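Notes to accompany the following structure.
Read-outs: derived from the displayed coordinates by stated rules, not from any lab. None of these values were measured; they are calculated from a predicted model. Don't worry about glycine lacking a Cβ; one is built from the backbone with ideal geometry, like all the others, and counts go over all protein chains shown.
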Ligand code: PDD
């Protein structure tokens, strides 16, 4: 089965799918994207992802390419044509192709692209081992709440982390030591009394759909959740740390820079939330 991509109304072989060299996504990062997980043939938390997509579009003053229901039909068709039961759907909308000039073109057709691929959440062996994170200076702009395709700081940060043997980078503000989030994940710690702490969903972070889901699963299980900033030092001394995202689920962190988190093994809260999230994901809940 060969992969199929969607480009502006057409389903084409993934390897043959292209956009214009004048596309503003390519030239100016003038576009937004979403990544939605697929579990057992269902989209996970589809509606919150689409709500965030709409918010990102509005922030860039981009018009939706079509009504939501039409978009959802294409998402389903992509899933069907690619025969993906466990994986991710990537969707991106840019301001389209126009003669290169920074202000919005007077007329341009948006470029809507979707791709779909098989991919699994980290398995039991990975989750039970946990991963390391590397702190990097927060150098991003003041609209990190927008899921824009301008990801160069994230790319550089994640590459640096990988080169240092870490799985993820943690953006850390130099002025006050606050950890905002990861290169493509949200950051959580667990305090000595078992409460979760994560940066509030301000414009300093991308408000993750998995973050929101994990907060509500934790609260439903009777846990205390504080949405407040925490510092790198607090994280290094925390009882537990973990990250969340569409592609990682709840992933325990066992090392931050040179500091071992607790005893260097994933903590019980992270493992419990990982299991709860997997159950939620498998249930194919689409109604937020
Ligand atoms: N990344 N923070 C950043 C900077 C992200 O790029 C992401 C998602 C998240 C987590 O958001 P969510 O839980 O909605 O996936 C937080 C996606 C998966 C990506 O770029 O591939």
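Observations on the structure shown:
- The range 4-118: proportion of alpha-carbon pairs further apart than 17 angstrom, %: 54
- Fully extended contour minus Cα-Cα distance, from residue 282 to residue 201, at 0.36 nm per residue: 26.6 nm
- Between residue 225 and residue 260, residue separation times 0.36 nm minus the direct Cα-Cα distance comes to 10.3 nm.
- Compared with the dominant principal axis of the Cα atoms in the chain, helix 152-163 is inclined by about 50°.
- With the alpha-carbon atoms of the range 128-207 aligned to their principal axes, the span from lowest to highest coordinate is 37, 30, 24 Å, starting with the largest.
- Estimated 222 nm signal from helices in the chain, with DSSP H stretches of n ≥ 4 weighted -39500 (n - 2.57), rounded to 500: -8500 deg cm²/dmol
- Distribution of pairwise C-alpha distances over the range 171-281, 10 Å bins, in %: 15, 53, 30, 2
- Between helix 68-82 and the chain: long-axis angle, C-alpha atoms, 0 to 90°, nearest 10: 80
- Spin-label model, residue 85 to residue 143: label points 7 Å out along the Cα-to-beta-carbon direction sit 4.2 nm apart.
- When DSSP beta bridges are restricted to pairs lying wholly in the chain, around 80% turn out antiparallel.
- Cα gyration tensor shape of the range 67-184, rounded if a/c is under 1.5, else prolate or oblate by comparing a/b with b/c: oblate
- Between the alpha-carbon centres of the range 183-257 and the range 16-63 there is a gap of 25 Å.
- Residues of the range 123-165 with an amide N closer than 15 Å to a point placed 7 Å from the Cα of residue 176 along the Cα-to-Cβ direction: 138.
- In the range 218-288, the ratio of gyration radius to Kirkwood radius, Rg to Rh, stands at 1.00 when only Cα atoms are counted.
- With Cα atoms, 0 to 90° folded angle of helix 268-282 axis to the chain main axis: 30
- Gaussian network model of the chain, springs between alpha carbon atoms under 10 Å - residue of 216, 184, 175 with greatest fluctuation: 175
- Over 33 Å [Cα-Cα, the chain], rounded percent: 24
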